[in-house]
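Here, each number is a calculation from the coordinates, and none is a lab measurement. On a predicted model such as this, the values are computed, not experimentally measured, just so you know. Here the Cβ positions follow ideal geometry from the backbone for every residue, glycine too, while neighbour counts run over all protein chains shown.
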Amino acid sequence: MKPIQVGLLGMGTVGSGTFNVLQRNQEEIKRRAGRGIEISMVADLDVAKAQALCAPHVKVVSDARQVIANPDIDIVVELIGGYGIAKALVLEAIAAGKHVVTANKALLAVHGTEIFEAARAKGVMVAFEAAVAGGIPIIKALREGLTANRIQWVAGIINGTTNFILSEMREKGLDFDVVLQEAQRLGYAETDPTFDIEGVDAAHKVTLMSALAFGIPVQFDQAYIEGITKLGAADIKYAEQLGYRIKLLGITKRTEAGIELRVHPSLVPTQRLIANVEGAMNAVMVQGDAVGTTLYYGKGAGSEPTASAVIADLVDITRLHTADPLNRVPHLAFQPNAMSNLKILPMSDVITSYYLRLRVADEAGVLAKLTSLLADANISIDAVLQREADQVSQAGENQTDVIILTHDTVEGKMNEVLAQMQALPTVMAPITKIRKEELN
Ligand code: HSE
């Protein structure tokens, strides 16, 4: 049978990885897919560079629309990124009856509802394994492998840049700004690292996992997002002393009140496997009622790890594209007419536990006052750590850090107590609040 014809939009790191892996493993891939998979056309603004990366028979053009207009192309792989031209091209490819493979988490997290509906109406597939956690087949796991389960929660380290920075901060005792500069010098962080360090990239990915886990529409605008820019080396050190590591987690959880969808730094017990995921690696935990807790680990970015996910999608589409569209695997795991409208909870309604660090005057009654405010709000304390007085302020009084770990409470109530604590004259600096996840 004639190989299925693929058109690649964007011949960057992932595009060239996809080309290379398809070439190298073509016989094995064909044995799995049932027919060959051939990239026959590529669009890239730098035609000469792209042509040098492809075999001579591949037609390279600068205009992506020429790929979409080619009636011989069965699958369009979008590797351009962003919400702009990529959105127009994906919708045009769907309208032209092409299946689409994309690594574009931003596009699907924000415009997924429109794109999946367009694909459903046209009877084509949109596959996005490469959009979350690079080479880890977490989309496949959530959509198919765990399909028997009522999924309770998903929590993941899904941004390698921030995990690398946090690992370096912990190992070397350095502050965020210093490590970010080092990460940029080594090429681990982008020149403009905003999406990574502010948690936006992780929020795109957890939004997609939330939709797959719970059968809800993608709702990036409802996600709570907090990055790692305000974390200090002191908090990482205190967390370590209390038996925790700080990780940027993307979390989505089913509760009686609704769905939690959030990205923020979290204390995770050191004994959890996920707490020991270091450097640029990714890991995702999924808790299902039948399977229990499962963990998926691997490279979340890079040329061939991401290509591995892109090609897995190409194989899936090759196997399924002659199937009746109504009997294919649904884009978001649940049948489009069986989606749930469970609401996403505001952060003030989320229940979790907390690490609090307070810079306080080292004098009688300060700790008692803090703990009484927590007791009055019925917030239970899990642990308290007080350092020796280590600094004399301008006014002459000794200051010290008090660290309090709480048990679970609702965030709105925690914030009210924090406002009361912050107003105390003996609390000398803004209070640090970091959420804590036991993940058990
Ligand atoms: N910038 C991402 C990361 C990789 O640092 O993990 C692509 O999503």
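So what's the back-of-envelope 222 nm ellipticity for the chain, counting only DSSP H runs of four-plus at -39500 (n - 2.57) apiece and dividing by all residues, rounded to 500?
Result for the chain, helices only: -10500 deg cm²/dmol.
Taking every DSSP beta bridge that has both residues in the chain, what percent is antiparallel when rounded to the nearest 5?
Antiparallel bridges: around 70 percent, rounded to the nearest 5.
Just add up the charged neighbours of Glu144: K/R +1, D/E -1, any other residue whose Cβ is under 15 Å from the Cβ of Glu144.
+1
Take every DSSP beta bridge with both residues inside segment 138-299 and express the antiparallel ones as a percent of the total, to the nearest 5.
Taking every DSSP beta bridge with both residues in segment 138-299, the antiparallel ones total about 95 percent.
If packing is taken as the average number of other Cβ atoms within 10 Å across a peptide's residues, how do 78-91, 216-229 rank, most packed first?
In decreasing order of mean packing, 78-91, 216-229 become 216-229, 78-91.
Find the centroid of the Cα atoms in segment 60-93 and in segment 151-196, then give the distance between the two in whole Å.
Cα centroid of segment 60-93 versus Cα centroid of segment 151-196: 32 Å apart.
Got a sec? How would Ile381, Ile236 order by Cβ neighbour count within 10 Å, fewest to most?
The fewest-first ordering by Cβ neighbours comes to Ile381, Ile236.
Ala127's amide H: which non-local residues (gap 5+, or another chain) put their own amide H closer than 5 Å, with H modeled 1.01 Å from N in plane and none for Pro or chain starts?
Here the answer is Val100, Val101, Thr102, since their amide H atoms fall under 5 Å of that of Ala127.
Cα axis of helix 105-122 to longest principal axis of the chain: angle in degrees, 0 to 90, nearest 10?
40
What is the set of long-range amide H partners of Ile381 at a cut-off below 5 Å, with H atoms built 1.01 Å from backbone N?
Amide H neighbours of Ile381, under 5 Å, 5+ apart: His407.
Could you check the spin-label model distance between Ala121 and Ala95? Points 7 Å from the Cα along Cα→Cβ, value in nm.
1.0
Can you work out the FRET efficiency for the pair Lys237 and Ser62, with r the C-beta to C-beta distance and R0 = 41 Å, to the nearest 0.05?
Computed FRET efficiency for Lys237 and Ser62: 0.20.
In nm, what is the difference between 0.36 nm times the number of residues separating Arg328 and Ala364 and their Cα-Cα distance?
Separation in residues times 0.36 nm, less the Cα-Cα distance, equals 6.2 nm.
Tell me, how many Å apart are the Cα centres for segment 269-316 and for segment 198-239?
For segment 269-316 versus segment 198-239, the Cα centre distance is 16 Å.
Ile39's amide H: which non-local residues (gap 5+, or another chain) put their own amide H closer than 5 Å, with H modeled 1.01 Å from N in plane and none for Pro or chain starts?
HN-HN under 5 Å from Ile39: Val6.
Among 330-336, 20-26, 433-439, what's the highest-first ranking by average C-beta atoms within 10 angstrom per residue?
Put in order of decreasing packing, that is 433-439, 330-336, 20-26.
Estimate the FRET efficiency between Ala419 and Val178 by the formula 1/(1 + (r/R0)^6), using the beta-carbon distance for r and 25 Å for R0, to the nearest 0.05.
After rounding, the FRET efficiency stands at 0.20.
Take Asp44, Asp63, Asp324 and order them by how many other Cβ atoms sit within 10 Å, fewest up front.
Fewest-to-most Cβ neighbours within 10 Å comes out as Asp324, Asp63, Asp44.
Relative contact order, percent, of the chain when contacts are C-alpha pairs under 8 Å separated by at least 6 residues?
16
For His407 and Glu438, calculate 0.36 nm times their separation in residues minus their Cα-Cα distance, and state this gained length in nm to one decimal.
Taking His407 through Glu438 to full extension adds about 10.1 nm, to one decimal.
Per 0.36 nm of contour for each residue apart, how much would the distance between Lys343 and Thr229 grow if the chain were fully extended, relative to their Cα-Cα spacing?
Gain on extension, Lys343 to Thr229, equals 38.1 nm.
Put +1 on the Cβ of each Lys and Arg and -1 on the Cβ of each Asp and Glu in the chain; which of Leu424, Ile157, Val14 then has its Cα farthest toward the positive end of the dipole?
Val14
Listed highest first by mean packing, meaning other Cβ atoms within 10 Å per residue, what order do 100-110, 271-281, 352-362 come in?
100-110, 352-362, 271-281
Based on the Cβ-Cβ distance from Ser380 to Gln271, what FRET efficiency comes out when R0 is 25 Å, to the nearest 0.05?
Approximately 0.70, to the nearest 0.05.
Where in segment 230-267 are there trypsin sites (Lys or Arg not before Pro) that are in a DSSP coil and have at most 16 other Cβ atoms within 10 angstrom of their Cβ?
Answer by residue number: Lys230.
Could you line up Met209, Met347 from fewest to most neighbouring Cβ atoms inside 10 Å?
Neighbour counts put them in this order, fewest first: Met347, Met209.
Mean separation of Cα pairs under 8 Å and 6+ residues apart, divided by the residue count of segment 351-436: what relative contact order is that in percent?
Relative contact order comes out at 49 percent.
Would you kindly derive the ³J(HN,Hα) couplings of segment 25-30 from the backbone phi angles with the Karplus curve 6.51 cos²θ - 1.76 cosθ + 1.60 (θ = phi - 60°), listing them in order in whole Hz, with x for Gly and Pro?
10, 4, 5, 4, 5, 5
Read phi for every residue in segment 131-142 and hand back ³J(HN,Hα) as whole Hz from Karplus 6.51 cos²θ - 1.76 cosθ + 1.60, θ = phi - 60°, with x for Gly and Pro.
For segment 131-142, the Karplus-derived couplings read 6, 10, 6, x, x, 6, x, 7, 5, 4, 5, 5 Hz, x marking Gly and Pro.
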